Number of protein chains: 2
Amino acid sequence: MFDLSTIAIDLFLVALGSILGAFLRFEILNTFNYKKISKHWLIFTINIISCFLLGLLVALDKRLTTLVYSQLLLFIGVGFLGSFSTFSSFIWEVFDHWKNDDKSQSLLIIASSILGGFVFLLFGYHLGNG
Amino acid sequence: MFDLSTIAIDLFLVALGSILGAFLRFEILNTFNYKKISKHWLIFTINIISCFLLGLLVALDKRLTTLVYSQLLLFIGVGFLGSFSTFSSFIWEVFDHWKNDDKSQSLLIIASSILGGFVFLLFGYHLGNG
């Protein structure tokens, strides 16, 4: 049988993490857009920070108890990072530059996001395992 | 001066959207993982659906009043889609296959996600403008 209190705690952790992630993303985009930093570089930065933290989180697996780790995974991994990082806005920025005939910028956003995300995730993963 | 009630409504819309997005992503990953569908194809599907809906949402701009559109953008764009779609899990899947020496699968995940996201966003955008 399902343990309702465990399910409620799990959902609460995901909900709390997702609200914090969305608020932080919203706040960063609002604050730095006023300072005239291009939105696609802000989204790039949010996404590579998320990748770094996810790499670090996955590497912590063996250092924590199963219960603590599974709750941290729900709160930070599924909730916070799933919500802080965004794929749709990343593709929107690629699309927006493409339709405005700035194709080289579109390709730069794709290449730097994939490479940056990969490298920062690797960095977090090795830091956590070190 | 800031209008606190407007800020509260904005934050409520982002929070509600982000919880719904995170719960739906969590539920899809849990449900279909049991059915042995690879996690990277589930994340791919979640991300391209998000791109389609974002394209559709952006195209609705001229059909709605400024207030309704700005609130819809906060609830669906910033909250729901920002939280439903995920960049960090996408890069994790690329990294995971790469470190397990399944490099062709890593490249396939990258190519299909970027191309799929772009095409589905374009599809949503043209459907909304049609």
Where the Cα pairs of the protein assembly as shown fall when distances are cut into 10 Å bins, in %
7, 30, 38, 19, 5, 0
Output ³J(HN,Hα) for the stretch B:110-126: one whole-Hz value per residue in order, computed from phi by the Karplus curve 6.51 cos²θ - 1.76 cosθ + 1.60 with θ = phi - 60°, and x for Gly and Pro.
4, 4, 5, 5, 5, 5, x, x, 4, 5, 5, 5, 4, 4, x, 5, 6
At what distance in angstrom do the alpha carbon centres of the stretch B:49-104 and the stretch B:1-26 lie from each other?
16
Compute the helix-to-body angle for B:4-34: its Cα long axis versus the longest principal axis of chain B, expressed 0 to 90° and rounded to tens.
20
Hey, if you put +1 on the Cβ of every Lys and Arg and -1 on every Asp and Glu Cβ in the protein assembly as shown, which of B:LEU108, A:ILE48, B:LEU13 ends up farthest toward the positive end of that dipole?
B:LEU108
HN-Hα couplings for the stretch B:63-73 via Karplus (6.51, -1.76, 1.60; θ = phi - 60°), in whole Hz with x for Gly/Pro, come out as 9, 10, 5, 4, 5, 4, 5, 5, 6, 5, 5
Anisotropy class of the stretch B:69-130 from Cα gyration tensor, a/c 1.5 cut:
oblate
The size of the Cβ-based charge dipole (Lys, Arg +1; Asp, Glu -1) of the protein assembly as shown about the Cα centre, to the nearest 20 debye, is 240
Number of partner chain Cβ atoms within 10 Å, mean per residue of A:118-128:
2
At a Förster radius of 35 Å, what calculated FRET efficiency corresponds to the Cβ-Cβ distance of B:LEU67 and A:LEU107, to the nearest 0.05?
0.40
Per residue of B:74-82, count partner chain C-beta atoms within 10 Å of its C-beta, then hand back the mean as an integer.
5
Dipole magnitude of the stretch B:4-129 about its Cα centre (Cβ charges: Lys, Arg +1; Asp, Glu -1), debye to nearest 20:
180
Excluding residues on the same chain fewer than 8 positions from B:LYS103, give the lysines whose Cα lies under 20 Å from its Cα.
B:LYS39
Cα convex hull of the stretch B:4-129: how many Å³ per residue?
95
Value at 222 nm in deg cm²/dmol, rounded to 500, when DSSP H runs of n ≥ 4 in the protein assembly as shown each add -39,500 (n - 2.57):
-26000 deg cm²/dmol
Along the three principal axes, how long is the stretch B:1-44 when you take its alpha carbons, biggest first, rounded to the nearest angstrom?
54, 15, 6
Which whole-Hz couplings ³J(HN,Hα) result when phi for each residue of the stretch B:89-98 is put into the Karplus expression 6.51 cos²θ - 1.76 cosθ + 1.60, θ = phi - 60°, listed in order with x for Gly and Pro?
5, 4, 5, 4, 5, 4, 4, 4, 5, 4
Sequence ranges A:40-53, B:26-39, A:93-106, ranked by mean other-Cβ count within 10 angstrom, highest first
A:40-53, A:93-106, B:26-39
With the crude spin-label approximation of a point 7 Å out along Cα→Cβ, what separation in nm comes out for B:LYS35 versus A:TRP98?
2.9
For label points placed 7 Å from Cα toward Cβ, what is the shortest-first list of nm distances from B:ASP3 to its copies?
4.8
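Every number in this text was worked out from the coordinates using simple rules, so none of it is lab data. It should be emphasised that the depicted structure is a prediction, and the values quoted were computed from it without experimental measurement. Cβ: placed from backbone, ideal geometry, glycine included. Neighbour counts: every protein chain shown.
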